[in-house]
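Below is one structure, written out as structure tokens; the observations come after it.
The values are calculated or read from the model by the stated rules, or taken from the named source; none is laboratory data. For clarity, every value in this text was computed on a predicted model and none was experimentally measured. Glycine gets a Cβ as well: all are built from the backbone with ideal geometry, and neighbour counts include every protein chain shown.
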DNA sequence: CTGTTAGCGCGTTCAA
DNA sequence: TTGAACGCGCTAACAG
């Protein structure tokens, strides 16, 4: 039925072992022999059997990329960058690796399921992107799973996710974003403009990204002696709708807010819509800031003040590390800072 | 080292075959035996060896999803929906399938490479999303590959992509978007408002989506006796920047354009930015329409008139078909229509 | 309902 | 530089 290595060997009049060697290029093979084998491969249209190869070699060409939400460009951009560094040549037989992205939908269970599936496939590497869920049970389960993956020879890289508490996965490399610093910068920018009554739309609870950005915001408030009124913080998902609803809620609680700090750009867009629908002008009546600087953020009207995260660069780096093509940062951890992008959505508060 | 089926069998005091049966749930097993086996699995923390399983069963739990651009929500939304229907229980051993998305970056070569990789892995199914490249050589190569995949037992589903010319892959199911109809609706909407001088920003050449949407536009023009001036059409990529530059080019060629028809929403956003930067108001000076109705389109200011494609529904359906959980449409082809969403970005032309 | 027996297709020793 | 032989871990017949 399907063409096997043995078929190719017969056609090239060599042993299966030789064909294997040609394909993997790990052993010396006479040029003429190689030539003949490759021709046979071509003529028979032979395709290596991945599972058989993986079984015999005890490792596969699969590399998994876990994302929280594949429909969110935040993850799409990182995943694309990671994949571009992995997809190229460099794998075993045939020269290509299969970089695959798995969508957890932010669900801890699915995250674990995918990790198990990847473990089952004997993946060569796994890259986990985005914030982690801060549930002790789950965090432990993930850390355990990552350790097992590492022990089984799977390289594990965290991209945009803080390292798990040592020594759970001391072997996992982590490229983490300075969410706290970014959060602080944004709020300080607003404070510098004269804002004092700022609403904060946080992401889902129990997520590291949510917590760190919020902490940065509070750090800035504290540093400037501004009281942190709990009523000014609302939690929601990382999507437009959550931003819309949270903004209406914030306005209800405190109608004379002068600024809204959103957990990310998508949420900020929803916030802008809610403000417009409430008859408020941006930034004349209320300033708005986002986070991430996704491509559409510059298209908002007015353009969004935000913190730019080098998603593509970080992803590419994570991909190279996963492939063993780039040195691991000292201590296995690198913190990547964001850059404040001041644009039209922020201005001096109304009274000033 | 790693725990194998045999270890579990020994611990549960049954034969390996029985363990396999319990795991796959395909054969009757006594409840008490099953119990014992599952306990052993748990105690030993056993993880099935995917490659070995795939080798023996001649099929794997892998399902591939090919997308042109993973950073584009158009694909992200479809991929997420497909994956949600596939990721669930229903696979072999362990009950889960590994739905993986592969990013071709729009490159025909990478598309073929991924198909080969998936073929190599003996994927259970493959879903190809988005428009196809209209290059004869490549189309033939893809069709051939798809046929081979089909012959090898891999289910092939096209989602948002027109069926390849029969009989190349007569076995592939195709869910295709009515891009031509959508294009026609948009232009007819503009014509109905009184527009006559419309610029068209098309997607990349040699792509079915590009061609179909453009043809719809031209159909509408022809139906209303409006001459189709080639100078009013510019090609570019499906991104914001292309929309920005193309709009400037269109304005240069014909400053008194009253409307811009963009290949998709992302491009439309770029067009809006270019118009604003040129001092033109939307829709007072120039109307703009997009295509797809991505989530951010309603957030544009003014909100974008566009054609809504049921991306999530289509993806979910494709996923179910790939899993054999939904009937194949008659003839293997289903055309999915879009819905015209009239919003603030279109209005009567200036002179009217 | 369960155990035994053969491979699945390939990588990798060990000799030659 | 090449071939022969073995086993990777599992599933699928076939008996029992």
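A few remarks follow.
- From the options B:80, B:76, B:50, residue that is farther than 30 Å from residue B:207 by Cα, facing chain A (nearest Cβ under 8 Å) and buried (at least 20 other Cβ atoms within 10 Å of the Cβ): B:50
- Filter result (in a helix (DSSP H, G or I), away from DNA strand D (no atom under 12 Å from the Cβ) and within 19 Å of residue B:122 (Cβ to Cβ)) within the range A:1-47: A:7, A:23, A:41, A:44
- Which numbered condition residue A:77 misses (of (1) within 12 Å of DNA strand D (Cβ to nearest atom); (2) in contact with a helix residue (DSSP H, G or I) (Cβ under 6 Å, 6 or more places away or on another chain); (3) in a helix (DSSP H, G or I)): (1)
- Scanning the range A:78-98 for residues that are touching a strand residue (DSSP E or B) at 6+ places or on another chain (Cβ under 7 Å) and at pLDDT below 90 gives A:86, A:87, A:89, A:95, A:96, A:97, A:98.
- The range B:54-70 - residue that is in a loop (DSSP other than H, G, I, E, B) and under 18 Å from the mean Cα position of the chain (by Cα) and, of those, farthest from DNA strand C (Cβ to nearest atom): B:69
- Test for residue A:87: is it within 11 Å of another protein chain (Cβ to nearest Cβ), touching a helix residue (DSSP H, G or I) at 6+ places or on another chain (Cβ under 8 Å) and under 27 Å from residue B:295 (Cα atoms): no
- Those residues of the range A:181-197 which are surrounded by 18 or more Cβ atoms within 10 Å (Cβ to Cβ) and out of contact with any helix residue (DSSP H, G or I) (no Cβ under 8 Å at 6 or more places or on another chain), in sequence order: A:189, A:190, A:193, A:195
So that you can scan it fast, the table gives a plain yes or no per residue for (1) modelled with pLDDT of 95 or more; (2) under 29 Å from residue A:73 (Cβ atoms):
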{"site": "A:137", "(1), (2)": "no, no"}
{"site": "A:171", "(1), (2)": "no, no"}
{"site": "A:190", "(1), (2)": "yes, yes"}
{"site": "A:197", "(1), (2)": "yes, no"}
{"site": "A:201", "(1), (2)": "yes, yes"}
{"site": "A:209", "(1), (2)": "yes, yes"}
{"site": "A:221", "(1), (2)": "yes, no"}
{"site": "A:232", "(1), (2)": "yes, yes"}
{"site": "A:243", "(1), (2)": "yes, yes"}
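- Test for residue B:42: is it at pLDDT 90 or above and away from DNA strand C (no atom under 16 Å from the Cβ): yes
- In the set B:98, B:112, B:62, B:55, only one residue is surrounded by fewer than 24 Cβ atoms within 10 Å (Cβ to Cβ) and either within 16 Å of DNA strand D (Cβ to nearest atom) or within 9 Å of another protein chain (Cβ to nearest Cβ) (or both); that residue is B:55.
Yes or no, residue by residue, for (1) under 30 Å from residue B:274 (Cβ atoms); (2) away from chain B (no Cβ under 14 Å):
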| residue | (1), (2) |
| --- | --- |
| A:255 | no, yes |
| A:260 | yes, yes |
| A:299 | yes, no |
| A:326 | no, yes |
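- One residue stands out in the range B:1-22 among those that are within 14 Å of chain A (Cβ to nearest Cβ) and surrounded by fewer than 18 Cβ atoms within 10 Å (Cβ to Cβ): the one that is farthest from DNA strand C (Cβ to nearest atom), namely B:3.
- In summary, strands (runs of 3 or more DSSP E) completely within the range B:213-323 and bearing 3 or more residues that are touching a residue at least 24 places away in the same chain (Cβ under 8 Å) and buried (at least 22 other Cβ atoms within 10 Å of the Cβ) occur at B:259-262, B:287-289.
- Check on residue B:117, at the interface with chain A (Cβ under 7 Å from one of its Cβ atoms), modelled with pLDDT under 90 and closer than 23 Å to residue A:58 by Cα: no
- Within the range A:26-47, the set of residues being in contact (Cβ under 8 Å) with a residue 24 or more places away in the chain and more than 14 Å from chain B (Cβ to nearest Cβ) comprises A:36, A:37, A:39, A:40, A:43.
- For residue A:51, the conditions (1) in a helix (DSSP H, G or I); (2) modelled with pLDDT under 90; (3) closer than 30 Å to residue A:107 by Cα all hold with the exception of (2).
- Filter result for residue B:25 (within 16 Å of DNA strand C (Cβ to nearest atom) and under 19 Å from residue A:115 (Cβ atoms)): no
- Answer from B:284, B:299, B:228, B:265 - the residue that is modelled with pLDDT of 95 or more and in contact with a helix residue (DSSP H, G or I) (Cβ under 6 Å, 6 or more places away or on another chain): B:265
- Test: residue in the range A:198-206 that is crowded, with 24+ Cβ neighbours inside 10 Å, in contact with a helix residue (DSSP H, G or I) (Cβ under 7 Å, 6 or more places away or on another chain) and part of a helix (DSSP H, G or I): no
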